[in-house]
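Each remark here refers to the structure printed beneath this line.
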């Protein structure tokens, strides 16, 4: 899995890290945000330093959505703002993940954070799209 345009091409996650990332993406896309956080965090703790910000951004998305579902608007906003900042370095895609679309969805969640956190709006799923 290659990093963003400013990163060294050809670096790859280990098979275990990549499997954890895709399982976490599936968990995010089916609304299992807490589980996704746990799954991807396992990969994050073992990955090379260059991948940490990318994986951490995906973790922040999962945690932010978990907070929204539990009515914690400040927690949601903090986590999604962190995700948005970190995803910016990996636009428009990172490996097979469409970070451009994900970044736009994070922006939309932040704009309407009160409605998501109080349950007025449902978090749109899927959130994370593959580029191929």
> If we scan region 112-132, do we find a residue that is modelled with pLDDT of 95 or more, surrounded by 19 or more Cβ atoms within 10 Å (Cβ to Cβ) and over 22 Å from residue 17 (Cβ atoms)?
Replying inline: no
Q) Is it the case that some residue within region 81-88 is in contact (Cβ under 8 Å) with a residue 12 or more places away in the chain, exposed (fewer than 15 other Cβ atoms within 10 Å of the Cβ) and in a loop (DSSP other than H, G, I, E, B)? A) no
When region 40-58 is checked residue by residue, the ones that are in a helix (DSSP H, G or I) and in contact (Cβ under 8 Å) with a residue 24 or more places away in the chain are 43, 46, 50, 51, 53, 54, 55, 56, 57, 58
Exception for residue 74 within (1) free of Cβ contacts under 8 Å to residues at least 40 places away in the same chain; (2) in a helix (DSSP H, G or I); (3) in contact with a helix residue (DSSP H, G or I) (Cβ under 7 Å, 6 or more places away or on another chain) falls at (3)
If we ask which residues in region 59-71 are in contact (Cβ under 8 Å) with a residue 24 or more places away in the chain and in a loop (DSSP other than H, G, I, E, B), their number turns out to be 1
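The values are calculated or read from the model by the stated rules, or taken from the named source; none is laboratory data. From a predicted model like this one, the values you see are computed outputs, not experimental measurements. Note: ideal-geometry Cβ built from the backbone for every residue, glycine included; neighbour counts use all protein chains shown.
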